[in-house]
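Working notes, beginning with the structure itself.
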Amino acid sequence: MKQWLASNMIQVYVRLLNEGVDVCRPTTGTLLRPMVVQLNATIDYDPFSEEWEFGPGSIVECEFERCHGGTILIAKRAAKSTQSWPTTDRLVLLSG
């Protein structure tokens, strides 16, 4: 499956903590550079009902993972310093 993203807004998944099972929440983020995203809150985000591994506003490094027969982009770790990153208005992200 090829995924072409023509803007810097992208769907990304964030692990939820303390749920008793492994579960992820889909949200959107701003693609800052390849595989680095600044997470956005969902419309119904409530920090008292869900604990995200990385909260809205976090800048994270992402990886593709297989999930239920498909491939998702998931937040994996806090990104390193952003000072030297180039700014981008549009990037294309490919997965295969």
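The values are calculated or read from the model by the stated rules, or taken from the named source; none is laboratory data. Source: prediction; values computed, not measured. In this analysis, Cβ positions are derived from the backbone assuming ideal geometry, glycine residues included, and neighbour counts consider all displayed protein chains.
I'd like the full set of residues that are under 19 Å from Lys80 (Cα atoms) and at pLDDT below 95, limited to the range 1-28.
Across the range 1-28, there are no qualifying residues.
Tally time: how many residues in the range 10-34 are closer than 19 Å to Cys67 by Cα, crowded, with 16+ Cβ neighbours inside 10 Å and either touching a helix residue (DSSP H, G or I) at 6+ places or on another chain (Cβ under 7 Å) or touching a residue at least 40 places away in the same chain (Cβ under 8 Å) (or both)?
6
Which condition from (1) at pLDDT 95 or above; (2) within 15 Å of the chain's Cα centre (by Cα) is the one that Ser95 breaks?
Failed condition: (1).
State the number of residues belonging to the range 24-44 that are out of contact with any Gly (no Cβ under 9 Å at 6 or more places or on another chain) and outside any strand (DSSP E or B).
5
When the residues of the range 45-74 are filtered to those that are part of a loop (DSSP other than H, G, I, E, B) and out of contact with any Leu (no Cβ under 9 Å at 6 or more places or on another chain), which remaining residue is surrounded by the most Cβ atoms within 10 Å (Cβ to Cβ)?
Start the filter on the range 45-74 by keeping residues that are part of a loop (DSSP other than H, G, I, E, B), which leaves 45-50, 53-58, 68-69.
Okay, now just the ones that are also out of contact with any Leu (no Cβ under 9 Å at 6 or more places or on another chain), so 45-49, 68-69.
Numbers: Tyr45: 14, Asp46: 8, Pro47: 10, Phe48: 5, Ser49: 8, His68: 5, Gly69: 5.
This residue is Tyr45.
Report, by residue number, each residue of the range 75-92 that is surrounded by 11 or more Cβ atoms within 10 Å (Cβ to Cβ), assigned to a loop (DSSP other than H, G, I, E, B) and either among the small types (Gly, Ala, Ser) or modelled with pLDDT of 95 or more (or both).
Across the range 75-92, the qualifying residue is only Ala79.
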